[in-house]
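Worksheet: the structure to be examined is printed underneath.
Just so it is clear, none of the values below were taken in a lab; they were calculated from the coordinates. Computed from a predicted model, the values in this text were never measured in an experiment. For neighbour counting, all protein chains shown are included, and Cβ atoms are generated from backbone atoms with ideal geometry for every residue, glycine included.
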Amino acid sequence: MKVAVVTGGSSGIGHHLCKKLADQNYKVAILDVEEKEGLDLCNNLNKIYGSGSCIFCKCDVSDETSFKKSFEMTIKEWGKVDILVNNAGYWDDSPEGWRKSIDVNVKGTISGSLLAVQYMGKNHGGNGGIVLNVASILGFTVYPMMPIYASTKAAVLKFTRDMGTEHQYQLHGIKFIAMCPHGALGSKFLSNPEKKMIF
């Protein structure tokens, strides 16, 4: 049995990753602030792949306590975590909202990664595994329309590179990988680009 935790799993890229992981016989924990969408997907996956294939945890990744509780709920359910997908994202470059972009995209990714080391790391009694950090093509290209959001994704890339070194792998046995999509069909980010988005 393999177990995956996917943040921002109720829509967009996260939604598709949850479905794909379940199809590959993973037990899937969907973490999201969007409770209705997350529960709908969870119930659907349990119908398709059997009861107990999926759980939903309402989680704000910018809140370390919330994130930790979701990790612990997953481990209580299945005994371990093999893959963490740090997919949750937030876009708001406005003077009022930019801090939330950093809290979700950067702090949330780092917080999740450190939880993975704590609960999955071989140096903490775990089995190792994989952390997939969803960054963006904007992390390594110039995009003046969304400078703060793009900068958060550049930070995710840098963090993933450093955590993905051989030195780090020898410490905890976790492979760190970054994915840099251009966009995703069905993403709230694309469907309503004039507003701040959680995805």
Coarse-grained scattering of the chain at q = 0.12, 0.13, 0.14, 0.17 Å⁻¹, given as base-10 log I(q)/I(0) from a Debye sum over alpha-carbon atoms: -0.55, -0.64, -0.75, -1.10
Estimated FRET transfer efficiency when R0 is 30 angstrom, pair M1-L114 (beta carbons, to 0.05): 0.75
Residue pairs, from the table K19/K100; K68/K158; K20/K47, whose Cα atoms sit over 19 Å apart: K19/K100; K68/K158
Inter-site label distance for E96 and D40 at 7 Å from Cα along Cβ, in nm: 2.7
Amide hydrogen neighbours beyond the local backbone of V85, cut-off 5 Å, H modeled: V5, V6, T7, L132
Full-stretch length increase - L157, M145 - with 0.36 nm per residue and alpha-carbon distance subtracted: 2.4 nm
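Computed FRET efficiency, Cβ-Cβ of H167 and I137, R0 25 Å: what is it to the nearest 0.05?
According to the calculation, E is roughly 0.35.
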